[in-house]
Structures are given as structure tokens and as C-alpha cells.
Amino acid sequence: MPQILHGAPVQARIFEQLKPRIQRLSRPPGLAVVLAGHDPASEIYVRSKIKVCGELGIFGEKRILPETTTTEELVAVLDDLNARADIDAILVQMPLPNHVDSRRVLEAVATDKDVDGFHPTNVGYLAAGRPAPRSCTPAGIIEMLKYYQIPIAGKHAVVLGRSDIVGKPMALLLLHENATVTICHSRTVNLPEVCRTGEILVAAIGRAGFVTAEFIAPGAVVIDVGINRVTDRGEAVRLGRGDEFDAKGKTVVGDVHPLDVERTAGAYTPVPGGVGPLTIAMLMGNTVELAERHLGVVA
Ligand code: NDP
């Protein structure tokens, strides 16, 4: 039976380690979450982030803006948050409405408050291996591998997906941990064969159950970043989630086929309950780290 890598205990340990660091600061760390529009999934994410802030003693501020907000208006909100002394960290919830210039908005976040590490300056620091906020999901995955004492150095890691948010920073973080890294994407030739060379396989493509048994080396460590809502019954049945679909009318699956990973991998993250809890844990961790820097505390 493969080992199941649950996110909850890793999240709990990260929160336990953060609490004393928060308590010794002269004021609560401050995180502002900016949301434009009414995407239901984004609203849920923002609510849960603010709730966790409250539980940890972090000051969480929600800025909900209408769907019609312009790029200039968003930049003005960010300028205001950049200037505030009680805000250490700013997160712009994605996706932004289509008419908004996302790149301009992300670049308007002050580099020392860029909690997701998306600003090009921080991306550069990441590439150079210098201290800076790290993209939360990939950073959480490294924490998870360490928590479960899964060796990274010298291993061949295959990252499927090359987005700026997950794939690329994931590949860089694995490289900094001394893995040998291959990055795959939609133009990769012989994708299943290449993925099968991975002792660690990270799937981040946004396609339900795309990674089937032929992608997975026997015994590999499989990290499933995908969060995909399946609304078609036939698809749910293919993915072994027919019962859940019949009960709820939907199911959420990752990018990895849930049945195939169970019979092939040596260890894997479930969806839900694997990587998800780590993204929020690292968001809190990055907020505390930025607050420590602003308050001159050496961690
Ligand atoms: P993007 O859509 O930005 O990027 C997807 C990447 O996958 C691209 O590089 C794309 O390749 C590649 N890709 C897409 N289809 C294929 C294919 N058929 N074969 C090979 N490669 C393919 O997605 P994100 O990185 O933002 O997110 C990926 C998944 O992770 C999503 O399901 C998202 O919901 C989830 N996610 C989960 C988080 C969590 O907390 N658990 C946090 C963030 C994301 P190309 O570049 O060539 O187009």
C-alpha cells in the first residue's frame, strides 16, 4: 500500500511553529487580501484565508472590489496598502476580471509585501537562490516532502506544468534542494515516458485525472497540485468517484487519476486534503516572515 501524504499534519506543525513567532512581535502581522469580482471559488478562498489569520493572531483585511474595477483602481488600492505600516503582506486573489491587466496589478505590489512571490524582482531572487517570499504552493510542497522525510537531493524530479504560479517556482525550489529537474508542458514529446522517469512527479496542469498509470514510475512519489471540479457523471465514474458524484452532484479531483496513483505510486498526496492545506500554511508563514523583516526581527 502506498503512503498517503496528508496535508493537515504538515499544516498543523507549520501553524504551531508560527504561533510563538507571532507572539513575540510588537504588533500583529498584517495580511491584506484583495479580490475583484464575484468568483464563488475565490470568495471561499478569501474567507478561509481571513479566518485562519484570526485563528493565528494575524491581522487579516479583506478588500472586495466590484467586477467592474479598472486596472487603475486596483493599482490605487495597492498603492494605499503598500503605504500602510500595519500591512506586511498583500495577496491579489486570482483570477482577476478579464479586462484587468493582471501583470500590471501584480507588479504594483511592493516587493517587500509580495506574499506570493509573484513580482518579477522576487522571481529573480528565487532563481538566484536569494531570500525572498516564495510562491506558497511550491514552497508548501517542499515543506511536505521534508515533513514526510522524503529525500529530494539527487532524485530525479519531473514537474508537469510550467506556470509562473506553480510549475516554474516548483522546479526552481526542487533544484535548490539538489534534485535533478525536468519540466514538462503541453509541447513535451512522449509525455508519459518522460513523466515515468520521475522519482518525484509533481502534476500541476489543471486537467482532471490526466496523469494515468503510464505516467507514474512504480514506487514514485506523486504530488498532485490540481484542483478540478468534475460535473460529468461518466468522467466521475472513470475517476472512481461515481458514488460521491451521485451523492453530491459533483466531485473534486486532482490532475492525477486517483485509482491509478493508488496502485502505482510509493507515496502520493490525496485530493482534496493533500497540497491544499499547505498553500494556506505557507501564506501565513510568508506573512509572518515579512512582518519580522519589517519589524527588524531576525528569525
Ligand atoms: P495553468 O493553467 O497556469 O498552467 C497549466 C500548465 O499545464 C501549463 O504550463 C500547461 O502547458 C500545462 N498543461 C496543460 N495541459 C497540458 C497537457 N495536456 N499536457 C501537458 N501539459 C499541459 O495552471 P496552474 O499552474 O495555475 O494550476 C495548475 C493546477 O493546480 C490547477 O488545477 C489549479 O487549480 C491547481 N492549483 C492548486 C493550488 C493548491 O493550493 N492546491 C494552488 C494553485 C493552483 P503550456 O505552458 O505548454 O500551456
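The values are calculated or read from the model by the stated rules, or taken from the named source; none is laboratory data. Computed from a predicted structure; not experimentally measured. Cβ sites come from the backbone with ideal geometry, for glycine too, and all protein chains shown count toward neighbours. We work out accessible area using only protein heavy atoms, side chains counted, and drop any ligands, DNA or RNA first. Shrake-Rupley method; radii C 1.70, N 1.55, O 1.52, S 1.80 Å.
Worth pointing out:
- Within segment 266-289, if we keep just the residues that are more than 16 Å from the ligand (Cβ to nearest atom) and open to solvent by 10 Å² or more (accessible area, probe 1.4 Å), the residue that is farthest from the chain's Cα centre (by Cα) turns out to be Gly266.
- On inspection, Gly206 qualifies as closer than 21 Å to Ser163 by Cβ and either within 9 Å of the ligand (Cβ to nearest atom) or modelled with pLDDT of 95 or more (or both).
- Once segment 247-257 is narrowed to residues that are charged (D, E, K, R) and open to solvent by less than 90 Å² (accessible area, probe 1.4 Å), the residue that is farthest from the chain's Cα centre (by Cα) is Lys250.
- Cross-chain or 6+ apart pairs with Cβ under 7 Å, segment 74-95 first and free of Cβ contacts under 8 Å to residues at least 40 places away in the same chain, then aliphatic (A, V, I, L, M) and in a helix (DSSP H, G or I): Val75/Val105
- Residue identified as open to solvent by less than 20 Å² (accessible area, probe 1.4 Å), in a loop (DSSP other than H, G, I, E, B) and away from the ligand (no atom under 11 Å from the Cβ) among Gly226, Gly240, Gly198, Gly219: Gly198
- Residue within segment 18-30 that is in contact with a strand residue (DSSP E or B) (Cβ under 9 Å, 6 or more places away or on another chain), open to solvent by less than 20 Å² (accessible area, probe 1.4 Å) and within 14 Å of Lys113 (Cβ to Cβ) present: yes
- Those strands (runs of 3 or more DSSP E) of segment 1-101 in which 1 or more residues are touching a Lys or Arg at 6+ places or on another chain (Cβ under 6 Å) occupy 30-36, 89-92.
- Number of the exception - Glu193 against (1) open to solvent by less than 40 Å² (accessible area, probe 1.4 Å); (2) over 18 Å from the mean Cα position of the chain (by Cα); (3) not β-branched (Val, Ile, Thr): (1)
- Taking segment 142-168 as the range and being more than 9 Å from the ligand (Cβ to nearest atom) and either part of a helix (DSSP H, G or I) or in contact with a Ser or Thr (Cβ under 6 Å, 6 or more places away or on another chain) (or both) as the test, the residues that pass are Ile142, Glu143, Met144, Leu145, Lys146, Tyr147, His156, Val158.
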